[in-house]
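The values are calculated or read from the model by the stated rules, or taken from the named source; none is laboratory data. Quantities reported herein were computed from a predicted structural model and do not represent experimental measurements. With ideal geometry, Cβ positions are generated from the backbone for all residues, glycine too; neighbour counts draw on all protein chains shown. Ligands, DNA and RNA are excluded from the accessible area calculation, which covers all protein heavy atoms including side chains. Shrake-Rupley method; radii C 1.70, N 1.55, O 1.52, S 1.80 Å.
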Amino acid sequence: MDELALGNQSPLKRKRSEMEENGVTSSALPSAGNATATTSKMASDQVKAAGADGHVTTTGGPITSTKGNDGARPGPTSSTLEDAPALDEAWKTTPEAKSLGILIDRMAQQAYMDLNTAVDRMVALQDDSPATSAQVNGLTSPSVQFDTSERSLQKKTILLDYASDQRDRFTKTLVLTDWAGHNADEIAKVHGLRAFQTEQDTAYKMAHDAIGIMKNKAAYFKVPAPNIEGAMEVLSTGGLSSVPDLGYLPKKKMTAKELLRMLQDMNVALSTRIMLNDELPPQMSNYSIANGRVTFRVAGEFEVDLTIADEEPSSQYYFIDLRLLFSPSPGTLNEQLRSHIELTTNGSLATQGLKGCYDYLHNFVLTHKVNVLRDQVYELIRGKWFDCIKVESLHRSLVVQYWVGVPGPKNWIEIGIVSGKTPKMNAVAAKKATPRLAVRWFRDGQEVLDEKLEFVWEELDMAACLMKVIGKHCCRKLFAALNGLRVLPGGAPLVTMPDITRETFEDADKVKLSLKLPNIDQSVSVRLEPVTGRFVITPISEATARSQQILNSSPNVDVTRVLANLICSAVQIRVLKQAEMIGWRPLRPTPDIKNHFGANVLQRTIFSVPGWSEDWALGISFGLVGERWWIVQLKDRVATGVAHAHLKEMGAAYELLRPGLEPRGQNSLLSPALLEIERSAVVQASYTTLKQQLRDQQLESSLEMDSKDASIIYLPFSTLAPSNRSKHSEAWLEDRIQLIHHGIDEEDTNMARAPVEMEIKASLKPGKMTQLQKYLEPTPDIKTNPTGGLSLRLRAPFGQPVLESLQAQFHSLALLDHRLAVVKQLDYTIIAADLEKLHFTYAAGMSVHLAFPLTGASPETTMNFIPSQGNPHQRIQVLLQKHLNLDTWNAFETFAQSLKLTLPLLHSFDRLQLAHAASQSLVVSCRGITSYQLDYSLPGLGRQCFAIRARMKAKDEVGVVRWQIQQKGPLMPEGSREALSALWSSGAKGWFGLGVGAVADGEGVGDLLGKLDGVMRGIGNSGMTAPALPVEEKEEGMGSVEAQKRLREKALGPQPINPAGQKTNKLPPAAQLKQPLPQQGKPGMQQHDVIMLDD
């Protein structure tokens, strides 16, 4: 520590200076030729010399020492430390090199962890000593003793041990840090030198090993030197002079006869020995003797030739040749293998006899068969089975995993050699058991015990073995799917599978399922690809590709369910394509769609049909039993306008009663059939809507559908008769009404959506609607025939309630008949009549055209008077139209009677206004249909008003209508009043005076107004002035009632009142009203207020 604390000069530098001062130098440098070879040794010696004093001088090159201050080098080949190459500092970036900062961080972390451990240990020691009181500053009083309990001392010991350990550790770190701070460069150089020396040492060892390996390999390439001289001598003389001749006599060659006799003797000896002395193994019972050898044949394994060299029964057999009796196998054994087999077989024959020979050759053949199968597996891997099978070699066994890429548990076969013993064998049988080849099959990770695999071991073919196993596996999978589909409702006739035979098992491509698509003349084939183990579905389509992906993606997929969905999806796609051609749009299904289509449904589709309202859609459900069509009622639907709209909620689904679709036919899913389904759905929707309305009115049982034609619905007329007019709601049709749907009328552009066209057929009761049958013009919307048949055409928005429309239609018919009856009763001439219009003539050259509102259109009835110019009723057209649109049954009757009643009066108004056109002294005001006012503006008199009102007197339910004229406003002066009073007191044909006014019928109102106009003209020409203050209007009598009656009879003649309501010659039909005419225009008076004239 003291040495490290000295100044800025490090100990190494000081030591190097001391060495230079003492004259240490490297004068004994080698010559130039040996400089390179001795550099390493010199560096080592110098390191040792310097290390004796505890210090090392290192640089980036060879270590040298200098002497003196001149830096002279002895010899031209000497080098300095500055000229040495730089050391490689790559060791600083290796994972083994750690910085001092990391060491300090780790020590701090360790200190924190040790502190937590110490605190936990102290907490674990519970202190049972009583607590001592302390002063405020933390000091205890002198009388209080320190805690000297055992647990307290243990805690203190733990804390002191922790502090002591950390102090020692950080003290060492402080010393190391201080030392490293002053000697960092020298330490780095030492590390660099050590790395260099390690690298050189490793290179030397590697070079030494490489030379040794090369020397060993060169032995195989050594070719002996040829003995050319010896070869020439052998070729020329037939021998070598260098080989000594020992003088042996050559053996006499055997003749053919001797050789044949010897072979026959050997055959006899072999036969005698085998039959009398040798105990043959059971497997070697098949043998033959010929040519001095015995040939043992083991079927399917080998054929071995043995012979003997002595007639002694105890002498051994000798191996001659071996032939393998399975394929593939070599025809002849190579010399190396034959030598090995011969040596081993002869050894077994010498020790164990024929039994040992069989055991050895039998095990050799079994092992060779396993090796042949292994080689075949590797050959398959290099071919089309690449990345589809895996092989694992164990001790005399072979494990081949197939369908490697299929997810889920593994499948493999294991071929190996078993002992041949079974648990049921006794000791004798177990002793005779011989090893044999056996195979085990593991399917989905479980060993298959109920399937027996029989491989042909005489003809080894690993591909055939795999195909046989895979064929069984494919059959099992497809059989499971077949049985699952047959269990589902309607699935049995849709799936077939060819008969399984032995040949089928060997060819997995022939094992397949055939799925018949309902209503499509096409089938789908499902099979398992034998090499990859993946499902293959043909022909390729959108549905088959999606199902194939699902089947091959998960090991736990329900194959039966997927195939059932495939059948339905194929039909669904066919329907979608045909639906797209006719304009149907598929809607995105909602989560609750499965709750509306019943059971056994696998796929569902909802279509938005052109022309239908947003609250209705057409649905189809697909199952193995076939397709089912539905009409779907929607709620809270958001139409986005894109290819798929979103349904927030489904209201209800109603199955089509008769979709009009062939149950099983290839034409049942084409666009014409879909259009027929659409028409049936329109009928069903209307039927459902009407049924809901009738259910609300508790009349659901009255609805009936035709048993042969689904577009015909029967319902009673009582459900459609108007209910708000009990007096006029008597039945005028036969009670059974036929409602026929003709689908959506796409050509109708009057509605926002194409309406549903329906035809109503009914029969009129005898004597009912006679005027309608007589005057109604046949139109596309309404027709009648002479026999009382009635046909109506009704258009209503799709899916909307039609009961009100039907009721309104029949009400319109009843109302039209009533109007025709009124027109006929008033002797008007009917020009044209139907549900939309009525055109009739009510006077010479004058007619009116009425346009009635259609169902669902504006409720106002419009009218046009003809001619449009010069028709007197143009003056009150607005009032007449307003009265005609009143919601009363007799509104039209009153309107029609008003035409004849007001015509003479309006003619008179036209004449008067034409006479005053120049002076504009007369203004005619219309207060109502039966209330008018004449305003005269005369010089000197100011404004003089005369009110004209229709008055009726009712007696015995018969009314007589008269026009009453009386003055309103301020009275005239006495002189002017006399002329007017004279008019009010006079009378003529058709009118008579009342003293304060006058009353006239239709024939006399013109004459009365003419006389009144003459009086007013005369008063105006006299120039009299009116009084300044107005006088209230006052009605005065003309005298007694008898005087009035006499004057009336004189003016109008006798006017009898007919209690039976028959017409008279003097009064128009309006005089026979059973109800009073309406009064309009007067403030405070209702439309039907009437002023009655008493006798």
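Which residue, of Ala218, Ala256, is free of Cβ contacts under 8 Å to residues at least 12 places away in the same chain and farther than 30 Å from Glu312 by Cβ? Before the answer, list the steps.
Numbers: Ala256 fails: farther than 30 Å from Glu312 by Cβ.
On inspection, the qualifying residue turns out to be Ala218.
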Would you say Gln684 is more than 19 Å from Leu792 (Cβ to Cβ), open to solvent by less than 20 Å² (accessible area, probe 1.4 Å), at pLDDT 75 or above and not in a strand (DSSP E or B)? yes
Being in contact with a helix residue (DSSP H, G or I) (Cβ under 8 Å, 6 or more places away or on another chain), acidic (Asp, Glu) and within 23 Å of Arg436 (Cβ to Cβ) is the filter here, so list the residues in region 281-315 that pass it. Glu301
Give me the pairs: first residue in region 262-274 and in contact (Cβ under 8 Å) with a residue 12 or more places away in the chain, second residue surrounded by 13 or more Cβ atoms within 10 Å (Cβ to Cβ) and small (Gly, Ala, Ser), beta-carbon distance under 8 Å, and six or more apart or on different chains, which are they? Met262/Gly292; Leu263/Gly292; Met266/Gly292; Asn267/Gly292; Leu270/Gly292
Say we look at region 183-227 and pick out the residues that are among the basic types (Lys, Arg) and within 19 Å of Ala86 (Cβ to Cβ); which of these is most open to solvent (accessible area, probe 1.4 Å)? Arg194
Just wondering, is there one or more residues in region 156-164 that are of a type outside the set (A, V, I, L, M), in contact (Cβ under 8 Å) with a residue 24 or more places away in the chain and open to solvent by less than 70 Å² (accessible area, probe 1.4 Å)? yes
Name the residue that is most open to solvent (accessible area, probe 1.4 Å), counting only residues in region 543-557 that are part of a helix (DSSP H, G or I) and farther than 25 Å from Pro493 by Cβ. Gln549
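On the basis of being surrounded by fewer than 22 Cβ atoms within 10 Å (Cβ to Cβ) and of a type in the set (S, T, N, Q), does Ser986 make the cut?
yes
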How about region 106-123: which of its residues are free of Cβ contacts under 8 Å to residues at least 60 places away in the same chain and open to solvent by less than 90 Å² (accessible area, probe 1.4 Å)? Ala108, Gln110, Ala111, Asp114, Leu115, Asn116, Thr117, Ala118, Val119, Met122
Which of the strands (runs of 3 or more DSSP E) found entirely inside region 817-910 contain at least 3 residues meeting this: open to solvent by less than 10 Å² (accessible area, probe 1.4 Å) and out of contact with any strand residue (DSSP E or B) (no Cβ under 7 Å at 6 or more places or on another chain)? none
Identify, by number, the condition in (1) open to solvent by less than 10 Å² (accessible area, probe 1.4 Å); (2) farther than 16 Å from Gly490 by Cβ; (3) free of Cβ contacts under 8 Å to residues at least 40 places away in the same chain that Ser621 doesn't meet. (2)
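Quick grid of which residues meet (1) part of a loop (DSSP other than H, G, I, E, B); (2) among the aromatic types (Phe, Trp, Tyr); (3) more than 30 Å from Ala433 (Cβ to Cβ); (4) open to solvent by less than 60 Å² (accessible area, probe 1.4 Å):
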position: Leu380; (1), (2), (3), (4): no, no, yes, yes
position: Lys384; (1), (2), (3), (4): yes, no, yes, no
position: Asp387; (1), (2), (3), (4): yes, no, yes, no
position: Glu392; (1), (2), (3), (4): no, no, no, no
position: Val400; (1), (2), (3), (4): no, no, no, yes
position: Gly405; (1), (2), (3), (4): yes, no, yes, yes
position: Gly408; (1), (2), (3), (4): yes, no, yes, yes
position: Ile415; (1), (2), (3), (4): no, no, no, yes
Qualifying residues in region 188-223 (those that are basic (Lys, Arg) and at pLDDT below 90) - the one farthest from Glu96 (Cα to Cα): Lys222
Kindly list, by first and then second residue, each pair from a residue in region 304-317 that is over 15 Å from Asn291 (Cβ atoms) and in contact (Cβ under 8 Å) with a residue 24 or more places away in the chain to a residue that is in a loop (DSSP other than H, G, I, E, B) and of a type in the set (S, T, N, Q), limited to pairs with Cβ atoms under 9 Å and residues at least 6 apart or on different chains. Pro313/Asn277
Give, as residue ranges, the strands (runs of 3 or more DSSP E) completely inside region 914-1015 that count at least 1 residues that are among the hydroxyl-bearing types (Ser, Thr, Tyr), closer than 27 Å to Phe895 by Cα and over 60 Å from the mean Cα position of the chain (by Cα). 922-928, 931-938
Positions within region 558-602 being under 26 Å from Asn483 (Cα atoms), part of a loop (DSSP other than H, G, I, E, B) and open to solvent by 40 Å² or more (accessible area, probe 1.4 Å), in sequence order: Asp558, Gly598, Ala599, Asn600
For Glu342, the lone unmet condition from (1) open to solvent by 50 Å² or more (accessible area, probe 1.4 Å); (2) not in a helix (DSSP H, G or I) is (2)
Positions within region 345-363 being surrounded by 15 or more Cβ atoms within 10 Å (Cβ to Cβ) and either without any contact (Cβ under 8 Å) to a residue 40 or more places away in the chain or not hydrophobic (A, V, I, L, M, F, W, C) (or both), in sequence order: Thr345, Asn346, Gly347, Ser348, Gly353, Lys355, Gly356, Tyr358, Asp359, Tyr360, His362
Among residues of region 431-458 being small (Gly, Ala, Ser) and surrounded by 11 or more Cβ atoms within 10 Å (Cβ to Cβ), the residue nearest to the chain's Cα centre (by Cα) is Ala438
Return the pairs, sorted by first residue and then second, in which the second residue is assigned to a strand (DSSP E or B), the first residue lies in region 772-790 and is on the phi > 0 side of the Ramachandran plot, the beta carbons are less than 9 Å apart, and the residues are 6+ apart or on different chains. Gly788/Ser763; Gly788/Leu764
Anything in region 507-533 that is assigned to a loop (DSSP other than H, G, I, E, B), touching a Leu at 6+ places or on another chain (Cβ under 7 Å) and either over 21 Å from Leu576 (Cα atoms) or of a type in the set (Asp, Glu) (or both)? List them, or say none. Val511
Criterion violated by Leu903 - all others in (1) closer than 26 Å to Gly990 by Cα; (2) free of Cβ contacts under 8 Å to residues at least 40 places away in the same chain satisfied: (2)
Residue satisfying all of: in region 777-816; open to solvent by less than 20 Å² (accessible area, probe 1.4 Å) and assigned to a loop (DSSP other than H, G, I, E, B); modelled with the lowest pLDDT among these: Gly799
Would you mind stating whether Lys824 is at pLDDT 85 or above and under 59 Å from the mean Cα position of the chain (by Cα)? no
